[in-house]
Amino acid sequence: MSSPGDIPALPEHLYVHVPLCRTKCAYCDFFSVSEADLPLTIDALTGALVEQTLAWAERGLALRPLQTLYVGGGTPSMLGPALAGLVDAIGTHVGFAPGAEVTVEANPDSLDDSLVALLAEAGVTRVSLGVQSFHDDVLHLLGRAHDATRALAAARSVRDWNLDLSVDLMCGIPGQSMGSWLSSVELAIGTGAGHVSVYPLSLESGTPLAAEVLLGRFAEPDPDIAADMMIAAGELLALEGFKRYEIANYAKPGAESRHNTAYWTGKEYLAVGPGAHGMLSADTARTAGFIVPAEAARVRYAIACELQSGLQLVPRVDVETLTADETMREDVMLGLRLTRGVPDALVERAGVSGVLGRLEGTGLVERAGSHWRLTEGGWLLGNEVFGEVWAGE
C-alpha cells in the first residue's frame, strides 16, 4: 500500500526475529528459547509478530510495500506451516513491492519439501540454510540438530521449488581439518546455491562451547587457521563463479542478499520480535514517538530479549543515538565491509581521509579509482580497520 498524503513512510526493509530453536547450539549467544520453554502457542507467537509489525502504522508512519523481508532467528523453520502464515500475513497487510526479496532462515532438521512448498506459495523467494558443515563430527561438536544427509536433502528441496538458496558455513572449529572444510565448501557449491556465507567460529562468553574450551576439552579456535580456511574457501568459490561482495559473503551474479546489503549501505530498516535490532533516521524515530536528542541523526534500537515485553505492541527497547558525524563514520565502516568499498566523497565528509591514508600505509586498505576498499589483509583484520575509522582522526 502507498503512504497516504504526506504522512512519513516506514522503511522498505523489515527484519522479523523468531526467538525459537529446537536446541541451543553450543556456540550461539543469540536470544532464543526452546519449544518446550515457549510460554505461548506457535500461532500466538506469529500473531504477536504480525501485530507488532502493524503497530508501527499507529505511530504516525504509513506502511508501504517492502523491498525486502528477512525472517531470522532463532530458527524460523521451527514454526512449521505457521512460518508461511507469518510471511503471508505480512504480505497481505503490509505488502511486497514488485520483485521484493523475501528471505527466511531455516535449519535442515526443520525444513522439508512440504514446508518449502508452503513457503513458496506464501511469497518466499529465498531460503538461508544454516548448514555450518556437511560433516557429522563437526556438526556434533557444534551441537547442531541435523546431519549431513538431512542438510543435503533440505537444500535439494529449496532448489526443487526454484527458490534462491544461501548456505551458511562455519570454519575454524576445533578439530576441523582443511580437507573437511573445503569438502563442505564443495558440497555447498554442489547444492546449486547461488549464495554462500563463510564465517569463522566466534567463541562467545557464556556459551557451552566456551565453557568446554575453558575446561580444556577443546582447543581454543586458532585465528590463523580460520584465516587460512577463509582464504582457501574464497579461492574455491571464485573458481565456481562466486564473487565475494562482502567480508564473509559470496554470490553468483544477481544472487547477493539485498536485505543484508541494505544494512551495509545505511538504509533504514524496521525490526520486530524479541532480541531484534532496527535502525531509523532520527526524523523517522521522532515521528514514531522515540525521545531523541536534537543532535541525533540516526537511531539504533534493540527490542528486549524477553518474550513478555519483547512481544508487546510497543515493546521495551534499548536505544542508541548517533550524531551526524558518527553516522557518517558508521557508514564508512559498514561500506568497507563491501568489496566495492566506499566513495571518496563519503570518506571526506566523514572526516576519515587521514585515517584511511594511514591504514593504506599498513596495507589494510587501498584506493581503487574513486573508492577506498579493504585489501586481502584488511578482510582478515577488518575489526582493526573499523575501530580506527570509528575513532576518527
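The values are calculated or read from the model by the stated rules, or taken from the named source; none is laboratory data. From a predicted model like this one, the values you see are computed outputs, not experimental measurements. Neighbour counts are summed over all protein chains in view; Cβ atoms, including those assigned to glycine, are modelled from backbone coordinates with ideal geometry.
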Quiz item: Given the residues 365, 332, 317, 347, which is the only one that is in contact with a strand residue (DSSP E or B) (Cβ under 9 Å, 6 or more places away or on another chain), among the hydrophobic types (A, V, I, L, M, F, W, C) and free of Cβ contacts under 8 Å to residues at least 24 places away in the same chain?
Solution: 317
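Quick one: which of 366, 330 is more than 30 Å from residue 20 (Cβ to Cβ), buried (at least 19 other Cβ atoms within 10 Å of the Cβ) and either modelled with pLDDT of 95 or more or in contact with a Leu (Cβ under 6 Å, 6 or more places away or on another chain) (or both)?
On inspection, the qualifying residue turns out to be 330.
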Exercise. Please name all residue pairs, on different chains or six or more residues apart, with Cβ atoms under 6 Å, provided the first residue is in the range 170-197 and is more than 13 Å from residue 235 (Cβ to Cβ) and the second residue is part of a helix (DSSP H, G or I) and not aliphatic (A, V, I, L, M).
Key: 171/181; 192/159
Quiz item: Within the range 67-80, which residues are surrounded by fewer than 24 Cβ atoms within 10 Å (Cβ to Cβ) and farther than 18 Å from residue 31 by Cα?
Solution: 67, 80
Quiz item: Would you say residue 127 is outside any helix (DSSP H, G or I), in contact with a Leu (Cβ under 7 Å, 6 or more places away or on another chain), buried (at least 16 other Cβ atoms within 10 Å of the Cβ) and not polar (S, T, N, Q)?
Solution: yes
Quiz item: In the set 248, 238, which member is more than 15 Å from the chain's Cα centre (by Cα), in the same structural domain as residue 17 (by TED's automatic domain parsing), farther than 30 Å from residue 314 by Cβ and surrounded by fewer than 24 Cβ atoms within 10 Å (Cβ to Cβ)?
Solution: 238
Quiz item: Among the residues of the range 251-278, which ones are within 15 Å of residue 61 (Cα to Cα) and either assigned by TED's automatic domain parsing to the domain that holds residue 185 or not acidic (Asp, Glu) (or both)?
Solution: 269, 270, 271
Quiz item: Restricted to the range 162-190, and to residues that are part of a loop (DSSP other than H, G, I, E, B) and in contact with a strand residue (DSSP E or B) (Cβ under 9 Å, 6 or more places away or on another chain), which residue is surrounded by the fewest Cβ atoms within 10 Å (Cβ to Cβ)?
Solution: 163
Practice problem: Determine, yes or no, whether residue 18 is modelled with pLDDT of 95 or more, surrounded by 21 or more Cβ atoms within 10 Å (Cβ to Cβ), among the β-branched types (Val, Ile, Thr) and over 17 Å from residue 123 (Cα atoms). | Solution: yes
Quiz item: Scanning for something closer than 17 Å to residue 267 by Cβ, in contact with a helix residue (DSSP H, G or I) (Cβ under 7 Å, 6 or more places away or on another chain) and of a type in the set (Gly, Ala, Ser), does the range 330-342 turn up at least one residue?
Solution: yes
Quiz prompt | Residue list for the range 286-318, restricted to those being surrounded by fewer than 14 Cβ atoms within 10 Å (Cβ to Cβ) and β-branched (Val, Ile, Thr) | solution = 291, 314
Exercise. Search the range 106-115 for residues being surrounded by fewer than 24 Cβ atoms within 10 Å (Cβ to Cβ) and in contact (Cβ under 8 Å) with a residue 12 or more places away in the chain, and hand back the single one that is farthest from residue 72 (Cα to Cα).
Key: 113
Exercise. Give the range 274-313 a look and list any residue that's assigned to a loop (DSSP other than H, G, I, E, B), over 17 Å from the mean Cα position of the chain (by Cα) and small (Gly, Ala, Ser), or say none.
Key: 288, 289, 294, 304
Quiz item: Within the range 51-72, can you find the residues that are modelled with pLDDT under 90 and either among the acidic types (Asp, Glu) or more than 20 Å from residue 287 (Cβ to Cβ) (or both)?
Solution: 58
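When you check residue 202 against the structure, is it within 21 Å of the chain's Cα centre (by Cα), surrounded by fewer than 17 Cβ atoms within 10 Å (Cβ to Cβ), within 26 Å of residue 261 (Cβ to Cβ) and hydroxyl-bearing (Ser, Thr, Tyr), yes or no?
So residue 202 fits the description; yes.
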Quiz prompt | Matching residues in the range 377-393 - criterion: being surrounded by 15 or more Cβ atoms within 10 Å (Cβ to Cβ), farther than 16 Å from residue 347 by Cβ and either acidic (Asp, Glu) or touching a residue at least 40 places away in the same chain (Cβ under 8 Å) (or both) | solution = 379, 380, 382
Quiz item: Is it the case that the range 231-244 has a residue that's within 30 Å of residue 99 (Cα to Cα), touching a residue at least 60 places away in the same chain (Cβ under 8 Å) and in contact with an Asp or Glu (Cβ under 6 Å, 6 or more places away or on another chain)?
Solution: no
Practice problem: Would you mind finding the one in 157, 166, 184 that is more than 30 Å from residue 98 (Cβ to Cβ) and at pLDDT 95 or above? | Solution: 184
